[in-house]
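Encoded as structure tokens, the structure appears first; notes follow it.
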Amino acid sequence: MALSSRKPKIQRVEIEALKFCPGIAVWTMWGACGADHFATGTTDDGVTPNCAFAPEDVNTWALMALGEVQRYGAGIDWVQNNSTVSEPCFEGRTATGIDFNDDRDGIWWEGTAHMVIAQQIKGDDHAADALLTTLRQAQRLAPNTNGKGLVAACHDGVTTGIAGFALLNRLHVGATAWYAIAEQWYNPFWGTRTDDAIPHAGE
């Protein structure tokens, strides 16, 4: 994928909406369903933490938005330990990436790109580069690829923990976009490089 070296002209995302769910501060979800990771939110009552499933993105996105690596970096370790999965994907060869949740039934390439960005912010360049190399391979070798975009998953039916929502082995705008963002070392929540300080950190 050919990417411009110019800094994208994207306005900084206003994160006030991330700070509060209805009456619930996002950071109160930290540890609400187990140590060292974020809960996905609340049940329909708006108060009880939803512990029915544990998605990857609440942890990687939270680090992108909030920073505070010394605290929330543990959520990235949690994803690494609970959502990493390997499966045949590259013309019969095994690929390793990140699942949507913690059932490890298939790679979610969009989530794998989230993890690259989070690892870059965390300062773990080795882990970030290893996943980025795998994403480049997925662009070229995953089933149903066209050599340009990324597919959502290596096979149809990767579960998410959300009823009626499964990932398919189809070209996917979200997976492709997040891959492009990861290649640029870009934090889309702030419009900064992933190795820049996150302005929110410490507030």
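No value in this document is a laboratory result; all are computed from the given coordinates. From a predicted model like this one, the values you see are computed outputs, not experimental measurements. Note that we place each Cβ from the backbone using ideal geometry, even for glycine, and neighbour counts take in every protein chain shown.
Table for the structure above
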{"read-out": "Förster-model FRET efficiency, 22 Å R0, D195 and R136, C-beta, rounded to 0.05", "value": "0.65"}
{"read-out": "Per residue convex hull volume, Cα atoms of the range 81-151, in Å³", "value": "79 Å³"}
{"read-out": "Value in Å of the Kirkwood radius, where the range 16-193 supplies the Cα pairs that are averaged", "value": "16.4 Å"}
{"read-out": "Packing-based order for 80-91, 62-73, using average beta carbon neighbours within 10 Å, highest first", "value": "62-73, 80-91"}
{"read-out": "Rounded to whole Hz, the Karplus (6.51, -1.76, 1.60) HN-Hα couplings of the range 100-108, x for glycine and proline", "value": "4, 9, 9, 8, 6, 9, x, 7, 10"}
{"read-out": "Derived scalar couplings ³J(HN,Hα) [the range 174-188; Karplus, 6.51 cos²θ - 1.76 cosθ + 1.60; whole Hz; x for Gly, Pro]", "value": "x, 4, 5, 5, 5, 4, 4, 5, 5, 4, 8, 6, 10, 9, x"}
{"read-out": "Inter-site label distance for T96 and D125 at 7 Å from Cα along Cβ, in nm", "value": "2.1 nm"}
{"read-out": "The range 99-119-the range 134-164 distance, computed between alpha-carbon centres (Å)", "value": "11 Å"}
{"read-out": "Interchain or long-range residues, amide H under 5 Å from T192's placed H", "value": "N187"}
{"read-out": "Percentage relative contact order, the chain, counting C-alpha pairs under 8 Å, at least six apart", "value": "20 percent"}
{"read-out": "Cut-off under 5 Å, modelled amide H: who pairs with T42 long-range", "value": "N50"}
